[in-house]
Amino acid sequence: MGGGATFPLFIMSKFIDYNPDKGVWHEEEYDHIENKVVIHTKQDVEPVLEYTKRLRNSGINDKVGEFSHYAVIPVHVELALREKGINIYSQHYTKELLKEINQNYPHLKVTNLKHDVK
C-alpha cells in the first residue's frame, strides 16, 4: 500500500462549566487536524418551553402596562440574535427584537399579545 496510513479521528468533548439556573453547559473540543479549540454552548430548552407555555396559557401577562413580561430568551437564541446584529440588552433594538420574536420565536412568548414598536 502506498501513502500514509489513515485512521479514524475521534474528537472528544470535555465538559467545562454548567449554569443550573439557565440549564446551560459548555463543552470544549480540540480539533487535532485544524489544531484549534472549539467551545460549544448547549442548553436544555424543554423547561423554558414548558414555562413559557404555562404562562401564555394562564393569561397572566396579557395585561398591557408600562412594563410587561413578553418572552423568555434562551442563551442559544440570544447568540443567534446577536449574529443578526440584535442586542437584547439594548433598548435601541427593541423593535427588531419584538419582530424577530413574533416571526421566528413565538413559542418563547409568555403572553398572547403581540407587541410592536412604531
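The values are calculated or read from the model by the stated rules, or taken from the named source; none is laboratory data. If you're wondering where the values come from, they're calculated on a predicted model, not measured in any experiment. Every residue, glycine among them, receives a Cβ derived from its backbone with ideal geometry; neighbour counts consider all protein chains shown.
Those residues that are assigned to a helix (DSSP H, G or I) and within 16 Å of the chain's Cα centre (by Cα), I need them from the stretch 95-118; list them, please.
Taking the stretch 95-118 first, the residues assigned to a helix (DSSP H, G or I) are 95-104, 106-108.
Answer for the stretch 95-118, where residues must be assigned to a helix (DSSP H, G or I) and within 16 Å of the chain's Cα centre (by Cα): Leu97, Leu98, Glu100, Ile101, Asn102, Gln103, Asn104, Pro106, His107, Leu108.
The sole residue among Lys84, Lys109, Lys63, Lys95 that is at pLDDT below 90 and among the charged types (D, E, K, R) is Lys63. Restricting to the stretch 65-104, and then to whatever is touching a residue at least 40 places away in the same chain (Cβ under 8 Å) and exposed (fewer than 15 other Cβ atoms within 10 Å of the Cβ), can you tell me which residue is farthest from Lys22 (Cα to Cα)? Checked the stretch 65-104; the qualifying residue farthest from Lys22 (Cα to Cα) is Ser68.
State whether the residues of the stretch 30-43 include one that is touching a Ser or Thr at 6+ places or on another chain (Cβ under 6 Å), under 28 Å from Glu100 (Cβ atoms) and without any contact (Cβ under 8 Å) to a residue 60 or more places away in the chain. No.
The residue that is surrounded by the fewest Cβ atoms within 10 Å (Cβ to Cβ), counting only those in the stretch 8-58 that are acidic (Asp, Glu) and under 19 Å from the mean Cα position of the chain (by Cα), is Asp21.
Can you name every residue in the stretch 68-83 that is in a helix (DSSP H, G or I) and in contact with a helix residue (DSSP H, G or I) (Cβ under 8 Å, 6 or more places away or on another chain)? Spell out how you get there, then give the answer.
If we filter the stretch 68-83 for residues that are in a helix (DSSP H, G or I), which is where we start, we get 75-83.
Answer for the stretch 68-83, where residues must be in a helix (DSSP H, G or I) and in contact with a helix residue (DSSP H, G or I) (Cβ under 8 Å, 6 or more places away or on another chain): Val77, Leu81.
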